[in-house]
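Shown next, in structure tokens, is the structure this report addresses.
The values are calculated or read from the model by the stated rules, or taken from the named source; none is laboratory data. Quantities reported herein were computed from a predicted structural model and do not represent experimental measurements. As a convention, Cβ positions derive from the backbone with ideal geometry for all residues, glycine included, and neighbour counts pool all protein chains shown.
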Amino acid sequence: MTDSMLYGPPRFPGSPGAERGGTGDGKLRPVQLAPASDSSQPGVEPQEFGTSNHPFTTNRVNANGDNTQYYYPFRAAGKLFFNIGSATYVCSASLIKPGIVVTAAHCVANFGQQQFYSNWVFTPAYSNGTAPYGVWNAASATVMTSYYNGTDPCAQPGVICQDDVAVLVLIPQAGSYAGNSAGWFGYGWNGYGFTPSGTTLINQLGYPVALDNGGLMQRNDSQGFVASGSSNNTIIGSLMTGGSSGGPWHVNLGMAPVLNGTSFGSAPARNTVVGVTSWGYTDPAIKQQGASPFTSGNIVPLVNNVCTSSPAAC
């Protein structure tokens with residue numbers, strides 16, 4: 001870990017805040033996208049942290065073939081397909097409103113080139129070629145102007161940036177959106193769920209192509225810290241790789257228990273997305289990834305903008 005990545009008190013443009021999610025009705029609308037790929041057991045990883053010395057735990061969400069990804073909250077995350085020219089690429093993404101998907105800006109646009117990619121298709125709870133909650137095309141994509149024109153503050157231009165965040169508006173089907181069935185996550189900003197020193201436990205979901213060929217949803221848990229020398233990005237340890245970009249970083253992932261004789265701690269909102277996977281190291285031994293911070297200067301205006309223009313999706 002370099003000196004420039006050491007964390008300190010985080011700098012956010014305002015007070016923390018959060019918007020709650022919804023569970024959806026769970027109604028399946030399965031679509032078979034392609035023949036199922038091989039999901040043989042992956043090789044054993046001989047260490048639980050990389051050369052960064054940043055511990056993590058990465059496992060399949062569907063650990064025992066029990067289709068956990070079909071249940072909320074996991075089903076609100078999914079795989080994202082899109083085109084750059086005629087070539088098809090993959091990222092990860094998640095619902096934060098019934099018809100609004102959040103992902104990484106680099107899955108949507110070419111940094112500083114004023115160029116959008118095309119043909120985004122979101123598949124909630126994707127599993128080895130099957131889309132259990134349907135296939136949803138995007139009507140529009142939105143990124144911050146600073147990312148689009150290349151003025152975004154970046155520790156490494158186009159890679160480690162302040163605003164590598166994008167939202168997609170889905171096209172409804174029969175008057176309904178993906179989140180009406182799959183549910184959607186809440187989202188938080190300005191350090192929601194972080195301690196005053198800039199640390200928190202991050203629960204990451206995504207579809208890295210190096211794990212199970214990108215066919216199964218993976219979960220990673222690691223302590224995150226805000227790196228002031230890396231555009232205030234949050235850094236975690238992770239086994240995930242390319243294809244996980246745009247996948248949600250949560251605080252408090254899971255269903256809350258019923259309490260008796262105790263109380264929840266600070267910032268207890270469940271299933272709250274506070275960032276999306278933005279970057280990782282090209283050296284696979286390091287095993288760290290980063291995410292642009294969700295702030296009142298990016299995720300809030302992005303969602304407000306699309307909800308003003310497409311209120312039914314929200």
- Task: Return the total of residues in segment 109-130 being surrounded by 16 or more Cβ atoms within 10 Å (Cβ to Cβ), under 19 Å from P153 (Cα atoms) and not hydrophobic (A, V, I, L, M, F, W, C).
- Result: 2
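Residue by residue, here is whether (1) free of Cβ contacts under 8 Å to residues at least 40 places away in the same chain; (2) within 23 Å of P98 (Cβ to Cβ) holds:
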site: L205; (1), (2): no, yes
site: F225; (1), (2): no, no
site: Q288; (1), (2): no, no
site: N304; (1), (2): yes, yes
site: T308; (1), (2): yes, yes
- Message: Among the residues of segment 247-256, are any in a loop (DSSP other than H, G, I, E, B), in contact with a strand residue (DSSP E or B) (Cβ under 8 Å, 6 or more places away or on another chain), among the aliphatic types (A, V, I, L, M) and surrounded by fewer than 24 Cβ atoms within 10 Å (Cβ to Cβ)?
- Response: yes
- Task: Can you work out which of the residues in segment 16-25 that are in a loop (DSSP other than H, G, I, E, B), within 17 Å of V251 (Cα to Cα) and not β-branched (V, I, T) is modelled with the highest pLDDT?
- Result: P16
- Message: Can you tell me which residue is farthest from G206 (Cα to Cα) among those in segment 57-105 that are in a helix (DSSP H, G or I), among the hydrophobic types (A, V, I, L, M, F, W, C) and out of contact with any Gly (no Cβ under 7 Å at 6 or more places or on another chain)?
- Response: A105
- Message: Please determine whether any residue of segment 149-156 is under 18 Å from E19 (Cβ atoms) and touching a strand residue (DSSP E or B) at 6+ places or on another chain (Cβ under 8 Å).
- Response: no
- Note on the structure: When (1) in a helix (DSSP H, G or I); (2) in contact with a Leu (Cβ under 9 Å, 6 or more places away or on another chain) are applied to N213, the one that fails is (2)
- Query: Mind checking which residues of segment 160-177 are out of contact with any helix residue (DSSP H, G or I) (no Cβ under 8 Å at 6 or more places or on another chain) and within 17 Å of V276 (Cβ to Cβ)?
  - Reply: I160, L168
- Query: Within segment 141-148, can one find any residue that is among the aliphatic types (A, V, I, L, M) and touching a helix residue (DSSP H, G or I) at 6+ places or on another chain (Cβ under 8 Å)?
  - Reply: yes
- Note on segment 135-168: residues more than 30 Å from V226 (Cβ to Cβ) and in a strand (DSSP E or B) are W136, N137, A138, A139, S140
- Task: Determine if segment 139-150 includes at least one residue that is buried (at least 18 other Cβ atoms within 10 Å of the Cβ), more than 24 Å from N233 (Cβ to Cβ) and either out of contact with any Gly (no Cβ under 9 Å at 6 or more places or on another chain) or modelled with pLDDT of 95 or more (or both).
- Result: no
- How many residues of segment 270-299 are surrounded by fewer than 23 Cβ atoms within 10 Å (Cβ to Cβ), over 16 Å from P153 (Cβ atoms) and modelled with pLDDT of 95 or more? The answer is 1
